[in-house]
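Q: One structure, as structure tokens, below. Some questions next.
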Amino acid sequence: MMVLRSFGLLSFASVAALAIACGTPNQVFQEGPPKADAAPEPQPDAGVTTPAADASSPPWCPDATGVYNATPESSNVLFLIDRSGSMQIKLSDNKSTRWSATKDGLFNLLQTLSNTGVRAGAMMFPQGDAPITCCNISPTLNDVVCNCGPGQIPGTTLRCAEKTYQVPISVGNLDAQQTSDIESYVSGSDTSFYWGTPLAVALQSAIDTQQASLAQGTKSVVLLTDGYPTSCDSKGDPTANDIQRVIDAAATGTNKSALVRTFVMGVIDGNKGARADYLSPIAKAGGTARTNTCDKTNDCFYALNAKSFATDLKAALDQIALQAFDCTFNLPKTNGGAADLAKINVLYTDKNGQKAVSRDLTHQNGWDYLPNQTQVQLYGGACQAVRADASATVQIVVGCKTLGQ
């Protein structure tokens, strides 16, 4: 079984006035890449109101208008799992299937997160149609084979309509009961063969549900699929399988004030799996591009290779959990409204003193703005360091040029 690290939310003690030496701050984390092509423009008022700075200005930033205690955000994550028949294809070990390995990784993560204060729910796709019996996985070909007569393949009316889709396990506190409910729900499809991969309607439904939620905190959809859009085209809608529809669905989560990020994991298995050039743009549109240049190499998503599926899945869930469940902080609202996003810095304080965290557009080890530009996200070692020390604190310095640009 895979062992995943704990991803519990942190509690942050309030911070007294900073006592640091004069000069350049100690940058414990890597500096980000060279200055971006253009600094983000100031955004309209948003985020948490902070009436006054919580600490004095550090000597390296004499023009600071304030140093504010950062507010950690709670998390609301909806897992969106592909249960199409091809998920029963065996992996390279000839023992596990895509489905069983996915369950192992997901259930281990849920057990690790259970009773840590996070919130999660689950839905699967396709929905609307009953499982079919005229298709199975050929033991010799290790691929889908069908011998279906007239009427045995369901039409598109239900499977390809967004109104069909429901969230059977709504996002809620991930206690023992919620964890058990998710596991039971997912396990209910262990032996079923569902037809089609209606990605666009499933993702749109998941995002709409998250945006409509009144829960406080960050909201995310974690998509895992082994294919690309299929089985929704018809005479009335001949382009229903166009990948652009899925990309557009992901974008609806990032172009509205109610931000919902979409994390994407895809099974890569030659011509039997998903296409990187399809899934990468979905992740970018969903606000979770792994680097600022990943669209050039089609690796904005997390690839689960058939030959290393378990290892890849664990690594992907590790990284996604760091972002979806941890290390997101609200920017302060200053007395003058929204802060200048070109003059924001992040400080980290532990028992060894204060350290500056550089902005990192590669999202490997540092921080960056989320698409709503009212929150910052820590990545990699920066997040791990904060998460590992419950007594550590994070602060936002307003008024000096951002380090790492």
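Q: For residues that are among the polar types (S, T, N, Q) and over 11 Å from A276 (Cβ atoms), tally how many sit in region 295-315.
A: Residues flagged as among the polar types (S, T, N, Q) and over 11 Å from A276 (Cβ atoms) within region 295-315 amount to 2.
Q: Looking at (1) of a type in the set (K, R); (2) in the same structural domain as L174 (by TED's automatic domain parsing); (3) in contact with a helix residue (DSSP H, G or I) (Cβ under 8 Å, 6 or more places away or on another chain), which one does K307 not meet, given that it meets all the others?
A: Result: K307 fails condition (3) only.
Q: Could you pull out every one of the strands (runs of 3 or more DSSP E) wholly within region 60-169 that has 1 or more residues that are free of Cβ contacts under 8 Å to residues at least 24 places away in the same chain and on the phi < 0 side of the Ramachandran plot?
A: 135-138, 143-146
Q: Can you tell me which residue within region 257-289, out of those that are of a type in the set (V, I, T) and outside any loop (DSSP other than H, G, I, E, B), is surrounded by the fewest Cβ atoms within 10 Å (Cβ to Cβ)?
A: Ranking the qualifying residues of region 257-289, first place goes to I268.
Q: For region 156-201, name all the residues that are among the hydroxyl-bearing types (S, T, Y), surrounded by fewer than 16 Cβ atoms within 10 Å (Cβ to Cβ) and under 30 Å from S74 (Cβ atoms).
A: S180, S184, S187, listed by residue number.
Q: For region 224-241, how many residues meet the condition of being touching an Asp or Glu at 6+ places or on another chain (Cβ under 9 Å) and free of Cβ contacts under 8 Å to residues at least 60 places away in the same chain?
A: The qualifying residues number 3.
Q: Of all the residues that make up region 231-256, how many are over 28 Å from L141 (Cβ atoms), outside any loop (DSSP other than H, G, I, E, B) and of a type outside the set (G, A, S)?
A: 4
Q: Please determine whether any residue of region 299-310 is among the aromatic types (F, W, Y), in a loop (DSSP other than H, G, I, E, B) and in contact with a strand residue (DSSP E or B) (Cβ under 8 Å, 6 or more places away or on another chain).
A: Looking through region 299-310, at least one residue is among the aromatic types (F, W, Y), in a loop (DSSP other than H, G, I, E, B) and in contact with a strand residue (DSSP E or B) (Cβ under 8 Å, 6 or more places away or on another chain).
Q: Evaluate the following for I320: is it at pLDDT 95 or above, under 20 Å from the mean Cα position of the chain (by Cα) and in the same structural domain as Q216 (by TED's automatic domain parsing)?
A: no
Q: Is there a residue in region 230-239 that is among the hydroxyl-bearing types (S, T, Y), more than 30 Å from T71 (Cβ to Cβ) and surrounded by 20 or more Cβ atoms within 10 Å (Cβ to Cβ)?
A: Yes, that holds for at least one residue.
Q: Out of Q204, Q244, Q216, which single residue is surrounded by fewer than 16 Cβ atoms within 10 Å (Cβ to Cβ) and modelled with pLDDT of 95 or more?
A: Answer to the check: Q244.
Q: Now for a separate question. Tell me whether region 375-388 contains one or more residues that are on the phi > 0 side of the Ramachandran plot, touching a residue at least 12 places away in the same chain (Cβ under 8 Å) and surrounded by fewer than 18 Cβ atoms within 10 Å (Cβ to Cβ).
A: There is no residue in region 375-388 that is on the phi > 0 side of the Ramachandran plot, touching a residue at least 12 places away in the same chain (Cβ under 8 Å) and surrounded by fewer than 18 Cβ atoms within 10 Å (Cβ to Cβ).
The values are calculated or read from the model by the stated rules, or taken from the named source; none is laboratory data. This structure is a prediction, so every number in the text was calculated from the model and none was measured. Methodologically, a virtual Cβ is constructed for each residue, glycine included, from the backbone with ideal geometry; neighbour enumeration extends over all protein chains shown.
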